[in-house]
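Since the structure comes first, as structure tokens, the remarks are kept for the end.
The values are calculated or read from the model by the stated rules, or taken from the named source; none is laboratory data. If you're wondering where the values come from, they're calculated on a predicted model, not measured in any experiment. Positions of Cβ are generated from backbone atoms using ideal geometry, with glycine treated the same way; all protein chains shown enter the neighbour counts. Areas reflect the complete protein model, heavy atoms only, side chains present, ligands, DNA and RNA absent. Shrake-Rupley method; radii C 1.70, N 1.55, O 1.52, S 1.80 Å.
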Amino acid sequence: MSTQSTRLAARLMVAPSVILLFIWMIVPLAMTLYFSFRLYRLLSPERTGWVGFNNYIWFLNSPDFWLAIWNTLALVGGVLVITVVLGTLVALLIDQPVKGQGVLRILVIAPFFVMPPVAASIWENLFMHPQNGLFAAISRGFGAQPILFLEQHPMPSVIAIVAWEWLPFATLILLTALQSLSSEQIEAAEMDGASAFSRFRYIILPHLTRAITAVILIQTIFLLGIFGEIYTTTQGGPGSASTTLPYMIFKQAIVAKDIGRAAAGGIIAVILANIVAVFLMRGLGKNLDA
Amino acid sequence: MARALSPRRRLLTTIAAWFVALLIFFPVLWMLITSFKTEASAVASPPELFSADWTFENYTEVWARSDYPRFFWNSVVISIGSTLLGLAIAIPAAWSMAFVPTKRTKDLLMWMLSTKMMPAVAVMIPLYLVFQRVGLFDTKIGLVLALMLMNLPIIVWMLYTYFREIPGEILEAARMDGASLWNEIVYVLTPMAVPGIASTLLLNVILAWNEAFWTITLTTTKAAPLSAFIASFSAPQGLFYAKLSAASTMAIAPILILGWFSQKQLVRGLTFGAVK
Amino acid sequence: MGKITLRNVAKRFGEVAVIPDINLDIEDGEFVVFVGPSGCGKSTLLRLIAGLEDVSDGTIEIDGVNATDLPPAKRGLAMVFQSYALYPHMTVRKNIAFPLKMAGLDPAEIERKVDGAAKVLNLSNYLERRPGQLSGGQRQRVAIGRAIVREPKAFLFDEPLSNLDAALRVNMRIEISELHQTLKTTMIYVTHDQVEAMTMADKIVVLNAGRIEQVGSPLELYRRPANLFVAGFIGSPKMNFIEGSEAKLHNAATIGIRPEHIDLSTSAGTWKGTVGMSEHLGSDTFMRVTVEGLGMLTVRASGEVSVQQGDTVWLTPQDGKLHHFDANGKSLA
């Protein structure tokens, strides 16, 4: 509903964003694609050449590959489930007419302002450390052996840390959505004899669908690339127990210094990310009338 | 949907809410407490909630041993610069998507978001090389550009969802009143969208401040922000908990304070179109 | 001056022709009302004249100049929107001054004009308020103020009264009519409310499915509707339509008679019927009478009438008030 000149102007105004993002996407992608078919090792720079799909074959046959895929999905899925479920509960709780709501909200959103390396190092050193961590002290207080979080349960520990970082984001969005629900709807449901659970199940939850969709979409975008937390805490270990796909690529590039293989891994990661993206946008896009 | 509760229910809910909130906040609080302890009391067993001999020494030592003001200034320039540049590019784009939508608008938006799904690690080497080649490596401008492009999809999306709540008739009225497109955006749309723009600005300053992959990969010393400061600090110092806590506090305090003071503005626009 | 001429104007959205082909002349100083049911294209037509949409075909001339490709700002027209479309972040003063500021007038001149408009519209005491602090009627006046300061060639109104309550609507109707008397500027007014059309217009354009059904003065349309659609749309309650053998007696496919043109009798008349539901307004009584072979007819009787539901009554159409239509719905003059 507009004139041709407005439509033209609109196209011109959206162009810078599109062009910049396209360059930002395509240049590194093209280079990665190029490297992925090359022999390119920083330790032996004199040996170069085309290697066909060898880098890909190596990457796909690497024993860590499927583990890394699984770990990546577990990280994304685990954090999503935890943040959405806990976020809904926390939002419901602080939406109640309780004393000091403002301060409560400040406390709850604090983790969101903590940069990932700091978050990871607080958890690693102050809490999960087997000797000096607070958790170890609590275990000893009960006369139990300290749990070796990052050594024996690296993935659940990393998931817990990342979930803590993202819980405020989920809570905030869900809380905003919750506050937009008219109390008349709830009162009508009460008049209709709906129990607290039914009210949640049939009124509140459907109302939150869009917010949950937004939370899932945005968090997935950020979670797929999670790297810093693993780098700071477990370094992908012990062994490869907490190696995700991004971390596996990082190891190839920085530790093994094999740029070709890392690039092949990068392309695989991009393909997987796109599969997830298509799946997400198909599934959630229509729900989210963005 | 805040509703009345009976006094007893209200008390119980208040206690529960405070308990949960403190639990979520506790790691930050513990870091803060530890930063004021001596190194010995920081690792004391059983742990001391409040150390008898609390001290500022950790802060003075961290300050003395590192160039905190430079890291801090770099963080400020990079996060605010990238966000303002992003807004300048995104506002026109969001205007066209919100008020002159086409069949492909939604696809375009989803494509923009999908560019963020590309794992940073996957394109680390090429970007490193490109930045080296064009002289953007370890420069503030380079990081401003990189973080602007990283957050651009989010900025466009947030503004788009916010703009869509503004009735198109008002922009048409401006057009009838003789406003050019530029005037329409500057005098009518932008002032009306101030809450949404403020919220977008805050969120993206926070995201940029906390970004710790490109800021570390694409810098060495000159342009390194606080994320690099904390990374460099924790690596060689080993397990000096109190100093690590002090350095961590110094890295996150500015954004934590900003976030707390502006949380109302931040939250207002943080809906991503999820609230009708 | 404000003479607007539409020649073969068409508007298509993709495959859908919202307006297939319209020709219309609006004379300088006329108050023209576009009326029709929702979705008839009346708002689209107004937006085409405003320049907010571009035409798919045809030309729009304003004062003899081809304005078809001019942007809205260059057409010299002002528009009052259904939602008022006031700028919420500006005071009333700044709202009214905005078009002048955009035109680059100097501040003293703007001040003078805004104060003048505010005086005319009784807004002088509200100039420093924001639109959010005003009542519906005041907002409406600000929107009009914003339009008049530009001294446009013509005013365009897009259902401006539909957000007001009934009492205020009557007042604003009168205010807008008086404004037209004072300014003598061309006004084009879009509404779906035929009462607004009848009371305000010099010339009514009845639209249906993107086509002009009839153009004429209110009384012309009332007295001589060109077809079934206009006959049914103009006048309240609606005209009664009778088809079949009764219509054939009058050599027509359909005959129509307005409720106010039927005489009621309890003893004798043309059609015999049974009284159904009645609405008693005090000044008038509307009755629904079922006549065998004709169906249900609405009858309007002046004042109170002492007939009960179920009574038998006789109805007689007044002389010369019967409308005749052919099989295509066109009026047989």
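Which aspartates and glutamates, on any chain, are close to A:Lys257 with Cα under 19 Å apart, when same-chain ones fewer than 8 places away are left out?
A:Glu46, A:Asp64
Please report the spacing between the Cα centers of the range A:17-52 and the range C:87-142 in Å, no decimals.
Rounded to whole Å, the Cα centres lie 60 Å apart.
Which of the aspartates and glutamates could a cross-linker span from C:Lys272 if the Cα-Cα distance has to be under 15 Å and same-chain partners fewer than 8 positions apart are dropped?
Those aspartates and glutamates meeting the cut-off are C:Glu246, C:Asp263, C:Glu292, C:Asp311.
Multiplying the sequence separation of C:Ser245 and C:Ser162 by 0.36 nm and subtracting their Cα-Cα distance, what value in nm do you get? List each step's numbers first, then the result.
On the way: separation 83, 0.36 × 83 = 29.88 nm, distance 4.18 nm.
Full-extension gain reported as 25.7 nm.
Output wanted: per-residue J couplings in Hz (rounded whole) for the range C:103-114, from phi through Karplus 6.51 cos²θ - 1.76 cosθ + 1.60, θ = phi - 60°, x for Gly and Pro.
Result, ordered by residue: 7, x, 5, 7, x, 5, 4, 4, 3, 4, 5, 5 Hz.
So how much accessible surface do B and C hide from each other in total, probe 1.4 Å, in square angstrom to the nearest 100?
Details: alone 16600 and 15960 Å², together 30900 Å².
Approximately 1700 Å² gets buried when B meets C.
Past the 25 angstrom mark, what percentage of all C-alpha to C-alpha distances in the range B:70-268 do you count? Working shown, then result.
Working: 8957 of 19701 pairs.
The share of Cα pairs beyond 25 Å in the range B:70-268 comes to 45 percent.
Could you point to the residue in B:Val76, B:Ile91, B:Gly135 farthest towards the positive end of chain B's charge dipole, with +1 and -1 charges on the Cβ of Lys/Arg and Asp/Glu respectively?
Among B:Val76, B:Ile91, B:Gly135, the one farthest towards the positive end of the dipole of chain B is B:Ile91.
Roughly how crowded by other chains is peptide B:241-253, in terms of the mean Cβ count from those chains within 10 Å of each of its Cβ atoms? Please list the in-between numbers first.
Details: counts 7, 0, 0, 5, 5, 0, 2, 9, 1, 1, 4, 7, 1.
Partner Cβ neighbours, averaged per residue: 3.
For a quick check of your reading of the filter: which GluC sites (Glu not before Pro) in the range C:219-300 sit in a DSSP loop and have no more than 12 other Cβ atoms within 10 Å? Could you put the intermediate results ahead of the total?
Details: sites: C:Glu220, C:Glu243, C:Glu246, C:Glu260, C:Glu279, C:Glu292; in loops: C:Glu292.
Qualifying residues, ordered by number: C:Glu292.
At a threshold of 8 angstrom on Cα-Cα distance, excluding pairs fewer than six apart, so keeping six or more, what relative contact order does chain A reach in percent? Mind showing how you got there, number by number?
Working: 313 pairs, mean separation 82.0, N = 290.
This gives 28 percent for chain A.
Could you order the peptides C:268-274, B:213-219, C:144-150 from most to least packed, using the average number of other C-beta atoms within 10 Å per residue? Could the numbers behind the result be given before it?
Numbers: C:268-274: 15.3, B:213-219: 22.1, C:144-150: 25.0.
Result, highest mean Cβ count within 10 Å first: C:144-150, B:213-219, C:268-274.
Normalised radius of gyration for the range A:77-129, please: alpha carbon Rg relative to 2.2 N^0.38 Å, two decimal places. Present the calculation step by step, with values, prior to reporting the outcome.
Numbers: Rg = 13.6 Å, N = 53, 2.2 N^0.38 = 9.9 Å.
With N residues counted in the range A:77-129, Rg over 2.2 N^0.38 Å equals 1.37.
With no solvent and one point on each alpha carbon, what is the Debye value of log10 I(q)/I(0) for the range C:4-231 at q = 0.13, 0.15, 0.18 Å⁻¹?
-0.77, -1.01, -1.37
Thinking of chain A as a set of Cα atoms, what percent of all their pairs are more than 36 Å apart? Before the final figure, lay out each step's value.
Values: 14170 of 41905 pairs.
That fraction is 34 percent.
Counting only heavy atoms of protein chains, what accessible area per residue, in Å², does the range C:1-64 have with a probe of 1.4 Å?
On the way: 2290 Å² over 64 residues.
Accessible area per residue, the range C:1-64: 36 Å².
Probe radius 1.4 Å, ligands and nucleic acids ignored: give me the carbon and sulfur share of the accessible area of the protein assembly as shown as a rounded percent.
Details: 23260 of 38420 Å².
Within the protein assembly as shown, the accessible surface is 61 percent carbon and sulfur.
Any lysines with Cα under 28 Å of the C:Lys153 Cα? List them, leaving off those in the same chain fewer than 8 positions away.
C:Lys3, C:Lys11, C:Lys42, C:Lys74, C:Lys94, C:Lys101, C:Lys113, C:Lys119, C:Lys184, C:Lys203
A drop of at least 50 square angstrom in accessible area, chain alone versus all protein chains together, probe 1.4 Å. Which residues of the range B:170-219 meet that?
Those are B:Ile170, B:Glu172, B:Arg175, B:Met176, B:Asp177, B:Tyr187, B:Asn210, which lose 50 Å² or more relative to the chain on its own.
Let's test the formula: R0 of 45 Å, r as the Cβ-Cβ distance of C:Thr266 and C:Glu178. What FRET efficiency results, to the nearest 0.05? Let's see the in-between values first.
Working: r = 45 Å, r/R0 = 1.01.
Efficiency, rounded to the nearest 0.05: 0.50.
Compute the accessible area per residue over chain A, keeping the other protein chains in place, probe 1.4 Å, unit Å².
On the way: 12350 Å² over 290 residues.
So chain A comes to 43 Å² accessible per residue, rounded to a whole number.
Run the numbers on chain B and let me know its relative contact order in percent, using alpha-carbon pairs under 8 Å that are six or more apart. Show your work: numbers first, answer last.
Numbers: 270 pairs, mean separation 85.9, N = 276.
Normalised by residue count, the contact order of chain B is 31 percent.
Where nothing but the Cβ of Lys and Arg (+1) and of Asp and Glu (-1) is charged, how large is the charge dipole of chain C around its Cα centre, in debye to the nearest 20? Walk me through the intermediate numbers first.
Details: 36 positive and 39 negative charges, 171 e Å.
With Lys and Arg at +1 and Asp and Glu at -1, about 820 debye.
How many angstrom separate the Cα center of the range C:228-259 from the Cα center of the range A:54-116?
Cα centroid to Cα centroid, the span is 71 Å.
Which value, in Å to one decimal place, does the Kirkwood hydrodynamic radius take for the range A:1-110 when every pair of different Cα atoms is included?
Values: mean 1/r = 0.0491 Å⁻¹.
Averaging 1/r across every pair of different Cα atoms and inverting gives 20.4 Å.
What nm distance separates the two modelled labels at B:Ser6 and A:Ile271, each placed 7 Å from Cα along Cα→Cβ?
6.3
For the range A:134-238, what percent of Cα pairs sit more than 16 Å apart?
Numbers: 3824 of 5460 pairs.
Cα-Cα pairs in the range A:134-238 separated by more than 16 Å: 70 percent.
So the label point goes 7 Å from the Cα of C:Glu151 along Cα→C-beta, right? Which residues of the range C:47-89 then have their backbone N under 19 Å from it?
Under 19 Å, as judged by backbone N against the label point of C:Glu151, lie C:63, C:73-79 of the range C:47-89.
For q values of 0.06, 0.10 Å⁻¹, compute log₁₀ I(q)/I(0) with the Debye formula on a Cα-only model of the protein assembly as shown, without solvent.
Result of the Debye calculation: -0.59, -1.15.
Mind listing the long-range amide H neighbours of C:Asn240? Cut-off is under 5 Å, sequence gap 5 or more, other chains count too, H placed in the peptide plane at 1.01 Å from N.
Here C:Ile257, C:Arg258 satisfy the definition.
When the Cα centres of the range C:298-314 and the range C:185-209 are compared, how far apart do they sit, in Å?
For the range C:298-314 versus the range C:185-209, the Cα centre distance is 33 Å.
Kirkwood Rh over Cα pairs of the range B:17-68 into Stokes-Einstein at 20 °C, 1.002 mPa s: D in µm²/s? Can you show the working numbers first?
On the way: Rh = 12.3 Å.
Translational D for this selection: 174 µm²/s.
Estimate for me the total accessible surface buried between chains A and B (protein heavy atoms, probe 1.4 Å, no ligands or nucleic acids), in Å² to the nearest 100. Write down the numbers at each step before the final one.
Values: alone 17170 and 16600 Å², together 24520 Å².
Roughly 9200 Å² of accessible surface disappears when A and B pair.
For the range A:37-53, take each phi angle, set θ = phi - 60°, evaluate the Karplus expression 6.51 cos²θ - 1.76 cosθ + 1.60, and give the result in whole Hz per residue in order, putting x for glycine and proline.
3J(HN,Hα) across the range A:37-53, in whole Hz: 9, 10, 7, 8, 10, 5, 7, 9, x, 6, 8, 10, x, 7, 10, x, 8.
Please report the antiparallel percentage of DSSP beta bridges with both residues in the protein assembly as shown, rounded to the nearest 5. Intermediate values should be presented prior to the final figure.
On the way: 54 of 72 bridges.
Roughly 75 percent of the beta bridges in the protein assembly as shown run antiparallel, per DSSP.
If amide hydrogens are placed 1.01 Å from N in the peptide plane, which non-local residues have theirs closer than 5 Å to the one on C:Phe31?
C:Met187, C:Asp202, C:Lys203
Return the calculated 222 nm mean residue ellipticity for the protein assembly as shown, to the nearest 500 deg cm²/dmol, obtained by summing -39500 (n - 2.57) across DSSP H runs with n ≥ 4 and dividing by the residue count. Don't skip to the answer; put the middle values down first.
Details: 36 runs with 475 residues, N = 899.
Calculated at 222 nm, the ellipticity per residue is -17000 deg cm²/dmol.
What is the gain in length, in nm to one decimal, between A:Asn54 and A:Phe279 on full extension, counting 0.36 nm per residue of separation less the C-alpha to C-alpha distance? Kindly include the intermediate steps, with their values, before the conclusion.
On the way: separation 225, 0.36 × 225 = 81.00 nm, distance 2.90 nm.
Result: 78.1 nm gained on full extension.
In percent, what relative contact order does the range A:151-290 have, based on Cα pairs under 8 Å that are 6 or more apart in sequence?
Working: 85 pairs, mean separation 36.1, N = 140.
So the answer I get is 26 percent.
How many partner chain Cβ atoms sit within 10 Å of a residue's Cβ in peptide C:79-89, on average, as a whole number?
Average neighbour count from other chains, rounded to a whole number: 5.
Highest mean first, what order results for A:62-74, C:42-54 on Cβ atoms within 10 Å? Working shown, then result.
On the way: A:62-74: 17.4, C:42-54: 23.1.
Descending packing order for the listed peptides: C:42-54, A:62-74.
Given that compact globular proteins tend to follow 2.2 N^0.38 Å, what is the ratio of the alpha-carbon Rg of the range B:79-175 to that value?
Ratio of Rg to 2.2 N^0.38 Å for the range B:79-175: 1.29.
Could you list which residues have their amide H under 5 Å from that of A:Tyr40, counting only those 5 or more apart in sequence or on another chain, with H placed in the peptide plane?
Amide H neighbours of A:Tyr40: A:Ile259, A:Gly260, A:Arg261.
Scale the Cα Rg of the range C:240-325 by the rule-of-thumb value 2.2 N^0.38 Å and send over the ratio, two decimals.
On the way: Rg = 12.5 Å, N = 86, 2.2 N^0.38 = 12.0 Å.
This ratio for the range C:240-325 stands at 1.04.
In Å and whole numbers, how far do the C-alpha atoms of the range C:1-104 stretch along each principal axis, longest first?
Here the spans come out as 42, 30, 26 Å, largest first.
Order these peptides, C:77-83, B:188-194, C:173-179, by their mean beta-carbon neighbour count within 10 angstrom, highest first. Write down the numbers at each step before the final one.
On the way: C:77-83: 23.0, B:188-194: 19.0, C:173-179: 16.3.
Going by the mean number of other Cβ atoms within 10 Å, highest first, we get C:77-83, B:188-194, C:173-179.
Residue-wise, which Karplus ³J(HN,Hα) couplings in Hz belong to the range B:171-181, taking 6.51 cos²θ - 1.76 cosθ + 1.60, θ = phi - 60°, and x for glycine or proline?
My calculation for the range B:171-181 gives 5, 5, 4, 4, 4, 5, 6, x, 7, 6, 4 Hz in order.
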